[in-house]
Amino acid sequence: MSVVKKTKKQTTGPTVLVAEDDEFLSRVLVDKLEKEKFNVVTVFDGDAVIPALTSGSVNLVILDIIMPKKTGFDVIDEIKANPATKDIPILLLSNLGQESDIARAKEKGVHDYFVKSNISLAAVIEKVRSYIHA
Amino acid sequence: MNVAAQEILGISLADATHKTWDDIARIESHDTDVLIDGKPLIDSVFLNQKIYSKEWYVKKRDGTSVPVAISISPIIDRAIVVGGIIVFRNIEQEKEIDTVKSEFISLVSHQLRTPLSAVNWCTESLLAGDRGKVNNKQKEYIARISESNKRMISLVNSILDVSQIELNTFTVDAKPVDMFALVESIIKESVHAISAKQLVVHKHYTKSLGVIVIDARYVRMIIENLVSNAIKYTPEKGNIDITIEERGADLYIAVADTGYGIPKNDLSKVFTKLFRAHNIMNKDTDGNGLGLYIVKSIVDYAGGKIWFESVEDKGTTFFVSLPIHGLKNKLPKAVS
């Protein structure tokens with residue numbers, strides 16, 4: 001059973017969905033997003049992304065690639081194939097960083113791709129803001 | 001047609017006799033016929049009177065495809081093309097090995113980077129005060145953990161770059177690049193290191209550099225490594241001069257510093273993997289001895305040149321001349 005968690009403090013700000021299977025990394029990222037006044041929905045496997053997107057108004061998805069049940073690449077295909085979700089910006093955050101991974105993700109239509117170890121939390125927030133004009 | 005060709009194409013000599021190449025097979029790239037300047041490949045061989053050699057796919061009559069290293073040459077008799085020779089080798093197994101190599105690098109990079117990401121984000125969060133107030137001593141310790149972790153990330157990234165070079169999994173993805181913006185972004189990323197040592201950077205490049213179709217990743221790696229070395233190996237209040245110019249068909253890069261220089265005895269080893277000059281061993285620099293090896297490998301791959309001038313205790317200048325076409329998407333190699 002896939003788990004979807006919503007942020008504790010609902011704000012009037014935009015909503016970001018964080019799909020990251022490493023619960024600790026997810027928590028660190030979610031804490032930062034919440035501190036910056038974003039509403040956050042978290043999921044921990046690939047199967048949970050589409051249900052979470054279709055049941056609420058998510059403004060941007062932060063997506064990992066290596067996740068249980070379904071990889072980030074498969075999730076992108078699902079998001080793009082669904083008329084209700086296809087226009088939601090996707091920011092890939094993964095520790096896979098080969099050119100082939102980046103090229104594959106960009107071909108599928110993600111807005112940006114960052115290697116987690118090479119990007120700071122502050123830079124992630126800056127990117128999120130730039131894509132949803134928050 | 002020899003026996004190997006019959007086996008690869010799945011056709012007997014008797015079946016192939018009196019048929020044209022197009023009746024037997026197609027040469028494809030990404031599931032479409034290979035075209036050279038809009039013309040079918042075989043027509044181009046005859047029209048241009050050139051040999052074309054590359055890794056493509058041969059699509060057989062049964063609809064299946066085989067990856068091949070193929071070379072197509074015209075037979076020319078007194079300036080007239082009277083026929084052609086197609087030589088190809090099945091490289092299915094080599095492709096499988098390449099895939100395994102690539103998957104291995106992917107897996108290793110993922111596993112090495114995951115714990116480093118956690119340390120990176122946690123230390124950033126703690127230093128920003130996101131998890132409550134930290135006193136100055138704690139801040140100093142956390143900052144040290146963060147710096148050490150960043151050095152580890154840089155080392156892992158360099159090792160992965162070296163692996164890609166040595167496993168020959170280089171691919172080139174050329175796109176229009178705003179060179180001025182690229183160089184500026186590299187300097188912006190180094191601004192803390194530059195200001196910490198009160199270095200003065202002199203920029204000898206302008207917006208007139210314009211847009212060049214090139215693989216930005218490799219150009220970035222070259223400039224980033226040279227600039228990062230200049231910062232590391234220049235003492236406080238020194239100067240760094242960065243020159244970028246388009247010179248004919250080449251991109252010319254020069255990075256000069258007023259740093260420690262390279263001792264005469266070490267000059268021949270500068271581009272060797274894990275090289276560290278003797279005069280910087282006892283200084284507090286965080287080099288890993290991989291940067292110049294990576295730069296040299298990329299420059300060699302692109303068919304460019306790299307050289308340097310250095311005087312100990314005066315400084316070093318690295319020069320790179322990079323053929324722009326060397327980092328364009330690889331086109332069929334034409335041999336006149």
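So, in region B:1-31, of the ones that are under 15 Å from residue B:67 (Cβ atoms) and β-branched (Val, Ile, Thr), which residue ends up nearest to the chain's Cα centre (by Cα)?
B:27
Consider region B:17-35. How many of its residues are part of a helix (DSSP H, G or I) and either at pLDDT 90 or above or among the β-branched types (Val, Ile, Thr) (or both)?
Of the residues in region B:17-35, 1 are part of a helix (DSSP H, G or I) and either at pLDDT 90 or above or among the β-branched types (Val, Ile, Thr) (or both).
Yes/no matrix, rows are residues, columns are (1) among the small types (Gly, Ala, Ser); (2) within 18 Å of residue B:231 (Cβ to Cβ); (3) in contact (Cβ under 8 Å) with a residue 40 or more places away in the chain:
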residue	(1), (2), (3)
B:147	no, yes, no
B:153	no, yes, yes
B:161	no, no, yes
B:174	yes, no, yes
B:181	yes, no, no
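For region A:123-134, which positions are at pLDDT below 90 and either within 14 Å of chain B (Cβ to nearest Cβ) or out of contact with any strand residue (DSSP E or B) (no Cβ under 7 Å at 6 or more places or on another chain) (or both)?
A:133, A:134
Could you tell me whether any residue of region B:82-102 is outside any strand (DSSP E or B) and among the aromatic types (Phe, Trp, Tyr)?
Within region B:82-102 (the criterion being outside any strand (DSSP E or B) and among the aromatic types (Phe, Trp, Tyr)), the answer is no, since none of the residues qualifies.
Can residue A:120 be described as among the hydroxyl-bearing types (Ser, Thr, Tyr), under 19 Å from residue A:36 (Cα atoms) and facing chain B (nearest Cβ under 10 Å)?
Spelling it out, residue A:120 is indeed among the hydroxyl-bearing types (Ser, Thr, Tyr), under 19 Å from residue A:36 (Cα atoms) and facing chain B (nearest Cβ under 10 Å).
Assess whether residue A:94 counts as being closer than 27 Å to residue B:174 by Cα and among the hydroxyl-bearing types (Ser, Thr, Tyr).
When the stated conditions are applied, residue A:94 passes them.
So, in region B:105-138, of the ones that are under 19 Å from residue B:159 (Cβ atoms) and touching a residue at least 12 places away in the same chain (Cβ under 8 Å), which residue ends up farthest from the other protein chains (Cβ to nearest Cβ)?
B:108
Picking from B:61, B:144, B:151, B:131, which residue would you name as being over 21 Å from the mean Cα position of the chain (by Cα), modelled with pLDDT under 95 and closer than 30 Å to residue B:296 by Cα?
B:151
Can you find, within region B:155-174, the residue that is farthest from residue A:96 (Cα to Cα) among those that are assigned to a helix (DSSP H, G or I), at the interface with chain A (Cβ under 9 Å from one of its Cβ atoms) and of a type outside the set (A, V, I, L, M)?
Result: B:164.
State which residue is farthest from the other protein chains (Cβ to nearest Cβ) when the search covers only region A:90-117 and only residues that are surrounded by 19 or more Cβ atoms within 10 Å (Cβ to Cβ) and assigned to a loop (DSSP other than H, G, I, E, B).
Checked region A:90-117; the qualifying residue farthest from the other protein chains (Cβ to nearest Cβ) is A:110.
Please verify whether region A:59-68 includes one or more residues that are within 14 Å of chain B (Cβ to nearest Cβ), crowded, with 22+ Cβ neighbours inside 10 Å and either free of Cβ contacts under 8 Å to residues at least 12 places away in the same chain or of a type in the set (Gly, Ala, Ser) (or both).
Within region A:59-68 (the criterion being within 14 Å of chain B (Cβ to nearest Cβ), crowded, with 22+ Cβ neighbours inside 10 Å and either free of Cβ contacts under 8 Å to residues at least 12 places away in the same chain or of a type in the set (Gly, Ala, Ser) (or both)), the answer is no, since none of the residues qualifies.
The values are calculated or read from the model by the stated rules, or taken from the named source; none is laboratory data. Since we're looking at a predicted model, the values are computed, not measured. In this analysis, Cβ positions are derived from the backbone assuming ideal geometry, glycine residues included, and neighbour counts consider all displayed protein chains.
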